[in-house]
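Participant: Mind having a look at this structure? Questions to follow.
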Ligand code: LMR
């Protein structure tokens, strides 16, 4: 049986991790996978996470199962973090296996509700969105998003394309910090997106993997909150991997907002059912850490402060890189790096140029020229800027 398996294409982002590890050159720079690194190149365990883990270790008396949906306390804390004003009469939610698990369950939920669903997804998007949909055999189409000339959003193209999504289709949106481009919508543009979806009856599935990494914890959730309050139905897949730095704990949540309590209860039952079919109970440790932090004023304040440090470090690196590139290139064509938000920016370089950066300068980024800003520090920024200009980008 096993001999009948076909080799699977390796994930391009995860493959880079291995390639980077195997590179023996001094001074190599990893701008690949989306993991935050501090200026010393370490992905730290956040202070509040350590304190919460200590508290859990001291106080936890059982590892018995929780519930198929995860604990109500975790789900309530996450709903408050994401939505602020939680419409309890409309909200169904389940803890998930990371943000990726929430995306997968959201897509499965959409297909359960509408077997003819088509998913509309940005061009480009996180490659795993496409990979999951292909694996599920889910029909999808890509809407225009990134303008390679301006390195901003092609908003007219986006509007025209998402308007084609029909009632009951899914429009997958990045709630903030677009991955892989770093180019984001303004609030006015989000309002226009809401109007289009209101008219068509297409349902947004909002991927919120970087809340707190762009303009701030509240600011990054503003578009999601607006869509949730305006539209009758909204799906949200939120991740705690990045903003709590608990990548390997696989902590996320899928939320579904319906029109009334009946729709909410149907969604809640279906989402718990999907958890049961796929893995039974969601992992608890990360969820408990998050719940402990969010429900304790002191821990929450410390976590929010450290998250702000992380965000400001990335913003500083963006400003520094854009400045170095302005000086070296004698032009403002890289200013978009300072305007982008989140962990990533798409440089707009060709695959050959990305290869040249790797071969000549030991600088690793994803082949579509997505670079992880958090992989830099103030000493490597000038090295990258020089290499970009030398590669003729
Ligand atoms: C990324 O885009 O680099 C991250 O979301 C990590 C991953 O799983 O791909």
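Participant: If you count, for each residue, the other Cβ atoms within 10 Å and average over each peptide, how do 300-306, 119-125 line up from highest to lowest?
Facilitator: Packing proxy ranking, top to bottom: 119-125, 300-306.
Participant: Want the number for residue 73 to residue 160: 0.36 nm per residue separation, take away the alpha-carbon distance, what's left?
Facilitator: 27.2 nm
Participant: Mean separation of Cα pairs under 8 Å and 6+ residues apart, divided by the residue count of the chain: what relative contact order is that in percent?
Facilitator: Reported as a whole number, the value is 26 percent.
Participant: For region 318-372 and region 57-109, what is the centre-to-centre distance using only Cα atoms, to the nearest Å?
Facilitator: 37
Participant: OK, next. Starting from 0.36 nm per residue, how many nanometres of slack lie between residue 350 and residue 17 once their C-alpha separation is accounted for?
Facilitator: Full-extension gain reported as 117.8 nm.
Participant: Going by alpha carbons, how many degrees (0 to 90, nearest 10) lie between the helix axis of 285-294 and the longest principal axis of the chain?
Facilitator: Result, in degrees: 90.
Participant: Zone of residue 300 (label point 7 Å along Cα→Cβ, backbone N under 15 Å): which residues in region 68-85?
Facilitator: 73-85
Participant: Something else now. Which value in deg cm²/dmol, rounded to the nearest 500, describes the helix-derived mean residue ellipticity at 222 nm for the chain, given -39,500 (n - 2.57) per DSSP H run of n ≥ 4 and division by the residue count?
Facilitator: -14500 deg cm²/dmol
Participant: Sticking with this structure for a sec: Take the Cα gyration tensor of region 75-186, multiply each eigenvalue by 5, square-root it, and list the three semi-axes largest first, rounded to whole angstrom.
Facilitator: Taking √(5λ) for each Cα gyration eigenvalue gives 24, 19, 14 Å.
Participant: Same structure, new question: Test of understanding: extend the Cα→C-beta vector of residue 386 to 7 Å, then name every residue of region 347-378 with backbone N under 18 Å from that spot.
Facilitator: Within reach of a label on residue 386: 356-364, 376-378.
Participant: So for the pair residue 5, residue 135, with labels modelled 7 Å out along Cα→Cβ, what separation do we get in nm?
Facilitator: 1.3
Participant: Separate question: Please compute the contact order of region 65-295 in relative form: average sequence separation of alpha-carbon pairs under 8 Å and at least six residues apart, divided by the residue count, as a percent.
Facilitator: That works out to 32 percent.
Participant: Relative to the longest principal axis of the C-alpha atoms of the chain, give the angle of the C-alpha long axis of helix 297-329, reported between 0 and 90° and rounded to the nearest 10°.
Facilitator: Orientation of helix 297-329: about 30 degrees from the principal axis.
Participant: Is region 158-295 rounded, prolate or oblate when judged by the Cα gyration tensor, a ≥ b ≥ c being the square roots of its eigenvalues, rounded requiring a/c under 1.5 and prolate requiring a/b larger than b/c?
Facilitator: oblate
Participant: Output the Kirkwood hydrodynamic radius of the chain, Cα pairs only, in Å rounded to one decimal.
Facilitator: Hydrodynamic radius (Kirkwood, Cα only) of the chain equals 21.7 Å.
Participant: If the chain between residue 25 and residue 65 were fully stretched, how many nm would it gain, using 0.36 nm times the residue separation less the Cα-Cα distance?
Facilitator: Length gained between residue 25 and residue 65: 9.7 nm.
Participant: Report Rg/Rh for region 255-327, rounded to two decimals, where Rg is the Cα radius of gyration and Rh the Kirkwood radius.
Facilitator: Here the Rg-to-Rh quotient is 1.24.
Participant: Please build a GNM for the chain, connecting alpha carbons under 10 Å apart, and tell me which residue among 64, 194, 256 fluctuates the most.
Facilitator: Taking springs between Cα atoms under 10 Å, the residue moving most is 64.
Participant: Can you give me the angle between helix 12-22 and the longest principal axis of the chain, using Cα atoms only, in degrees from 0 to 90, rounded to the nearest 10?
Facilitator: Long axis of 12-22 versus the principal axis of the chain: about 50 degrees.
FYI, it's all coordinate maths here, none of it is from the lab. Just so we're clear, the structure is a prediction, and the values are computed from it rather than from any experiment. Note that we place each Cβ from the backbone using ideal geometry, even for glycine, and neighbour counts take in every protein chain shown.
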